[in-house]
1. Considering every residue within the range 36-51, establish whether at least one is assigned to a loop (DSSP other than H, G, I, E, B), over 30 Å from Ser225 (Cβ atoms) and modelled with pLDDT of 95 or more.
2. Scan the range 198-210 and give yes if some residue there is away from the ligand (no atom under 16 Å from the Cβ), open to solvent by 10 Å² or more (accessible area, probe 1.4 Å) and small (Gly, Ala, Ser), otherwise no.
3. Looking for whichever is away from the ligand (no atom under 16 Å from the Cβ), crowded, with 17+ Cβ neighbours inside 10 Å and within 19 Å of Val151 (Cα to Cα) here; the options are Leu91, Leu114. Which one fits?
4. State whether one or more residues within the range 67-77 are open to solvent by 10 Å² or more (accessible area, probe 1.4 Å), in a loop (DSSP other than H, G, I, E, B) and under 24 Å from Leu211 (Cβ atoms).
5. In the set Glu26, Glu88, Glu69, Glu83, which member is under 25 Å from Ile159 (Cβ atoms) and of a type in the set (Asp, Glu)?
6. Working carefully through the options Val39, Val29, find the one that is within 13 Å of the chain's Cα centre (by Cα) and aliphatic (A, V, I, L, M).
7. What number of residues within the range 1-35 satisfy the criterion of being open to solvent by 20 Å² or more (accessible area, probe 1.4 Å), touching a residue at least 40 places away in the same chain (Cβ under 8 Å) and part of a loop (DSSP other than H, G, I, E, B)?
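The values are calculated or read from the model by the stated rules, or taken from the named source; none is laboratory data. Small disclaimer: the values here were computed from a predicted structure and weren't measured. All Cβ positions, glycine included, derive from the backbone under ideal geometry; neighbour counts span all protein chains shown. Note: areas computed on protein heavy atoms with side chains; ligands, DNA, RNA excluded. Shrake-Rupley method; radii C 1.70, N 1.55, O 1.52, S 1.80 Å.
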Amino acid sequence: MIPSPKLVIANWKSNLDWHSAKSWAEKFVSNKNQAHSYVVCPPFPLLGALQPWAGQDFVLGVQDLSPYESGAYTGAVSAGTLEGLRVEYALLGHSERRMYFGETNQTVAQKVELAFEHGITPVVCIDRDQAQAQAAALDGLTRAQRSSLIVAYEPMHAISTFGGQEDPIEVTIQAIQEIRNQLNPSAVLYGGSVGPKNAIAYLQSSEIDGLLVGAKSLDPVIFASL
Ligand code: PGA
């Protein structure tokens, strides 16, 4: 029995296009498991394609935000420009952002603050050894903000594109307990090579509030089956 409701987030990364996003949504809706709350984080332009389903069949999220409010920051998407697009969540500090785009704990903290200012719930992604420093960078959060902050524990070695080496579930749960104490968030999700074979074990744990799914979220039927 899965303690419900769990938050299950799709991270499409830089995949799909306008037409495949729409057919993804149609297939997902006809297959979805009603027990979870689903969030879909497409690339920015596809937020438009998913508007007909947003807030009803699933909730929309983004994969990043600008660390600046607005202004001359070419290419950056600030939280304020998302208004009207029904964006409710933002993945921030994903390991790919940290690794390929040089994102720091401090930048992530700036993004978290702006997300809150614009009514977007931040989902801060961290590995175990980053948690302490990320917690320090988030020290200025108010109690109210902390009580809606979400953290996704994603061990780098477990992410499918970085090797997909899964830890035993006891190790994952221990890391999650540690992270919960360090950051004191409202929920902790797990991510890293989650798919039909292992999702149930994570979802059954009362220590894990949901999942962040990359590769296996690209197939709507598989994602809906988790
Ligand atoms: P994965 O990606 O499920 O493909 O391992 C998870 C993530 O990077 O958020």
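1. no
2. yes
3. Leu114
4. no
5. Result of the check over Glu26, Glu88, Glu69, Glu83: Glu88.
6. Val39
7. Number satisfying all stated conditions: 8.
Okay, residues lined up against (1) among the hydroxyl-bearing types (Ser, Thr, Tyr); (2) in contact with an Asp or Glu (Cβ under 9 Å, 6 or more places away or on another chain); (3) within 14 Å of the ligand (Cβ to nearest atom); (4) open to solvent by 10 Å² or more (accessible area, probe 1.4 Å):
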position	(1), (2), (3), (4)
Gln110	no, no, no, yes
Thr121	yes, yes, no, yes
Ala136	no, no, no, yes
Asp139	no, no, no, yes
Arg146	no, no, no, yes
Ile176	no, yes, no, no
Ile179	no, no, no, no
Asn184	no, no, no, yes
Ala224	no, no, no, no
